[in-house]
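The values are calculated or read from the model by the stated rules, or taken from the named source; none is laboratory data. It should be emphasised that the depicted structure is a prediction, and the values quoted were computed from it without experimental measurement. Methodologically, a virtual Cβ is constructed for each residue, glycine included, from the backbone with ideal geometry; neighbour enumeration extends over all protein chains shown. Note: areas computed on protein heavy atoms with side chains; ligands, DNA, RNA excluded. Shrake-Rupley method; radii C 1.70, N 1.55, O 1.52, S 1.80 Å.
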Amino acid sequence: MCVTCGCNHSHSEGLTHEEMHALGIAHDHEHHHSGESRIHKVEQDILLENNLIAARNRGYFEAKSIFVLNLVSSPGSGKTSFLEKTISELQKRIPIAVIEGDQQTDNDADRIRTFGTPCVQINTQNGCHLDAEMIHHTVTGMDLKEKSLLFIENVGNLVCPALFDLGESKRVVIISVTEGDDKPLKYPYMFESADICIINKIDLLPYVDSKTERIRENALKINPHLIFYEVSATSGAGMNVWYNYLYDQVKASGR
Ligand code: MG
């Protein structure tokens, strides 16, 4: 159940009124002001608790020099294909493990395991994001190596995962050129909270209206610190720069 974000719940169980506005979530204005402070308190408590567990996760990852990437995007941006390509190239050089988040099915985890990569699937059922507690619980049962990479593929959703720190080293938002140039403006919270923006499917640029310059421009309006990688997970274009970045991060960790 998605208690905090209210995706499949009424407003009274979800975000505050102001946050619904900020996130652009449609809601009923005839809500109950009498309950609002209580709701706000519940939501604050949930996010505070999440942040505390995220800090514990981060400490654990740092102690073991594990570089952790939280991959977030809309459904269909190519997260899993991007991950497959990255694993196939990099796991010869660095130990890699994966946590897959989806509402239902083990499909993505099965894809990852064909590479022989350790992978745990989390099914969130009605929930539309992973949280720090789920990661804490999952990591406890994994044999993560020192100086390794851990990819966390979040549930495909550009709204709610923005609110939940998992303890990752870097948050990576993936946008494909087929999604339109204005995605960063429509989902500013996600782009604001990300460190890295992967612009994927650049092999399809000749067939779509999007320009990578316009995606960058819009994303930088939201977050001037974003670092970009323009890639095609299908053709492999641009992927070498990405592999080198990850390799350098893992090699430099724990020095
Ligand atoms: Mg996927």
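Only one of the numbered conditions (1) closer than 18 Å to residue 83 by Cβ; (2) in a helix (DSSP H, G or I); (3) in contact with a strand residue (DSSP E or B) (Cβ under 9 Å, 6 or more places away or on another chain) is violated by residue 215, and that is (1). If the condition is being of a type in the set (D, E, K, R) and within 17 Å of residue 123 (Cβ to Cβ), then the stretch 140-182 contributes only 153. Would you check which residues across the stretch 151-182 are in a helix (DSSP H, G or I) and either away from the ligand (no atom under 16 Å from the Cβ) or over 24 Å from residue 249 (Cβ atoms) (or both) and list them? Within the stretch 151-182, 160, 162, 163, 177, 178, 179 qualify. So, residue 14, is that one within 14 Å of the ligand (Cβ to nearest atom) and modelled with pLDDT under 95 or not? It is false that residue 14 is within 14 Å of the ligand (Cβ to nearest atom) and modelled with pLDDT under 95. Within the stretch 160-170, is there a residue that is modelled with pLDDT of 95 or more, touching a Cys at 6+ places or on another chain (Cβ under 9 Å) and either within 22 Å of residue 243 (Cβ to Cβ) or of a type in the set (S, T, N, Q) (or both)? Looking for residues that are modelled with pLDDT of 95 or more, touching a Cys at 6+ places or on another chain (Cβ under 9 Å) and either within 22 Å of residue 243 (Cβ to Cβ) or of a type in the set (S, T, N, Q) (or both), one finds none in the stretch 160-170, hence no.
Of all residues in the stretch 167-188, which are β-branched (Val, Ile, Thr) and without any contact (Cβ under 8 Å) to a residue 40 or more places away in the chain?
177, 178
Filter the stretch 99-121 down to residues that are open to solvent by 20 Å² or more (accessible area, probe 1.4 Å) and either at negative phi or in contact with a Phe, Trp or Tyr (Cβ under 9 Å, 6 or more places away or on another chain) (or both), then give me how many there are.
Of the residues in that region, 14 qualify.
Under the condition of being within 13 Å of the chain's Cα centre (by Cα) and without any contact (Cβ under 8 Å) to a residue 60 or more places away in the chain, the residues counted in the stretch 45-83 number 0. Among the conditions (1) among the hydrophobic types (A, V, I, L, M, F, W, C); (2) part of a helix (DSSP H, G or I); (3) within 16 Å of the chain's Cα centre (by Cα), the only one that residue 130 does not satisfy is (2). Restricting attention to the stretch 57-73, the residues that are open to solvent by 10 Å² or more (accessible area, probe 1.4 Å) and within 11 Å of the ligand (Cβ to nearest atom) add up to 0.
Among the conditions (1) part of a helix (DSSP H, G or I); (2) within 12 Å of the ligand (Cβ to nearest atom), residue 138 misses just one, which is (2). Would you confirm whether any residue within the stretch 137-153 is in contact with an Asp or Glu (Cβ under 6 Å, 6 or more places away or on another chain) and either crowded, with 17+ Cβ neighbours inside 10 Å or small (Gly, Ala, Ser) (or both)? Within the stretch 137-153 (the criterion being in contact with an Asp or Glu (Cβ under 6 Å, 6 or more places away or on another chain) and either crowded, with 17+ Cβ neighbours inside 10 Å or small (Gly, Ala, Ser) (or both)), the answer is yes, since at least one residue qualifies.
Under the condition of being surrounded by fewer than 22 Cβ atoms within 10 Å (Cβ to Cβ) and among the small types (Gly, Ala, Ser), which residue from the stretch 176-201 is farthest from residue 218 (Cα to Cα)? So, considering only residues that are surrounded by fewer than 22 Cβ atoms within 10 Å (Cβ to Cβ) and among the small types (Gly, Ala, Ser), the one farthest from residue 218 (Cα to Cα) is 193. Could you please let me know if residue 163 is in contact (Cβ under 8 Å) with a residue 60 or more places away in the chain and either open to solvent by less than 50 Å² (accessible area, probe 1.4 Å) or among the aromatic types (Phe, Trp, Tyr) (or both)? So residue 163 passes the test. For the stretch 84-98, taking the residues that are within 18 Å of the chain's Cα centre (by Cα) and more than 12 Å from the ligand (Cβ to nearest atom), the one that is most open to solvent (accessible area, probe 1.4 Å) is identified as 85.
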